[in-house]
Every structure is written in C-alpha cells, then in structure tokens.
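Inspection log for the structure reproduced underneath, given as structure tokens.
The values are calculated or read from the model by the stated rules, or taken from the named source; none is laboratory data. A quick note: this is a predicted structure, and the numbers were derived from the prediction, not measured. Here Cβ is always computed from backbone atoms with ideal geometry, including for glycine, and neighbour counts include all displayed protein chains. Just so you know, the surface numbers come from the protein's heavy atoms only, side chains and all, with ligands and any DNA or RNA stripped out. Shrake-Rupley method; radii C 1.70, N 1.55, O 1.52, S 1.80 Å.
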Amino acid sequence: MRLITLFISRRGKTRVWWLQRKTRLAHLMQLEGVLAFIEGRYDQARKALIRSANHAEKPELNYLLAARAAHALGENEKAAEYLHHAEQVASEG
C-alpha cells in the first residue's frame, strides 16, 4: 500500500517538473529565435519561434516575429498564417 501511495504522490510531482521543464525549454528556444531574427537568420528564427510558441509566456510575440521572418524569406502565405495565429492567441488571452 505504501508503494502505491508513493507512486501516486510522485506522479503529481513529476507532472509539475515536466511542465516546468517544457516552459523553461520554450523560453530558451524563444530567446534563440529572437537572437536568430536579430542576426538575420530568418529560417532558423522562424523554426525556433514556432516550435516554442505553444509553451511561451507570450506566444503572440513568437507568431509575430515568425511572420516577419517568413516575410523576409519571401514566404508570404506562411507569414499570413502566423499572423492569423497571433491574432487568435491574442484574442484568447
């Protein structure tokens, strides 16, 4: 019985740790994307910003910069898609 109780109590802590880890990694990836954007590495910026958007504190920032990066690469359809995502996320929050 103690083993089952221990397992259940650890499961909650593991879930919290996992979510914190995802948030931390998303923040680092977001910073990587912003830096790549500033340096003109638009393809890398776009990819990093989109991958980290779901767990970012301000995902609309990710989508807006990804749209700018896509536009710089001449990917206007992708830019419009990212702008649409930014608008959706901003209206939800």
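Structure notes:
- Taking packing as the residue-averaged number of other Cβ atoms within 10 angstrom, the listed peptides 46-55, 25-34, 71-80, 11-20 run from highest to lowest as 46-55, 25-34, 71-80, 11-20.
- Förster radius 22 Å - calculated FRET efficiency between Glu81 and Lys22 (Cβ-Cβ, nearest 0.05): 0.40
- Couplings 3J(HN,Hα) for the range 56-62, derived from phi with the Karplus relation 6.51 cos²θ - 1.76 cosθ + 1.60 (θ = phi - 60°), are 7, 5, 10, x, 5, 5, 4 Hz, where x marks Gly and Pro.
- Cα-centre dipole for the chain with unit charges at Cβ (Lys and Arg positive, Asp and Glu negative), debye to 20: 960
- 222 nm mean residue ellipticity, helices alone, for the chain (DSSP H n ≥ 4; -39,500 (n - 2.57); rounded to 500): -29000 deg cm²/dmol
- Pairs of lysines in the chain whose Cα atoms sit within less than 25 Å of one another amount to 6, provided the residues are eight or more positions apart or on different chains.
- Each label was represented as a point 7 Å from its Cα along the Cα-to-Cβ direction; for Gln88 and Arg41 these points are 2.9 nm apart.
- Computed from backbone phi with θ = phi - 60° and the Karplus coefficients 6.51, -1.76 and 1.60, the 3J(HN,Hα) list for the range 37-54 is 4, 4, 7, x, 8, 5, 5, 5, 4, 4, 4, 5, 5, 5, 5, 9, 4, 4 Hz; x is used for glycine and proline.
- Where the range 16-93 is the region considered: accessible area per residue in Å², 1.4 Å probe: 68
- Fraction of accessible area attributable to carbon and sulfur, the chain (%, probe 1.4 Å): 58
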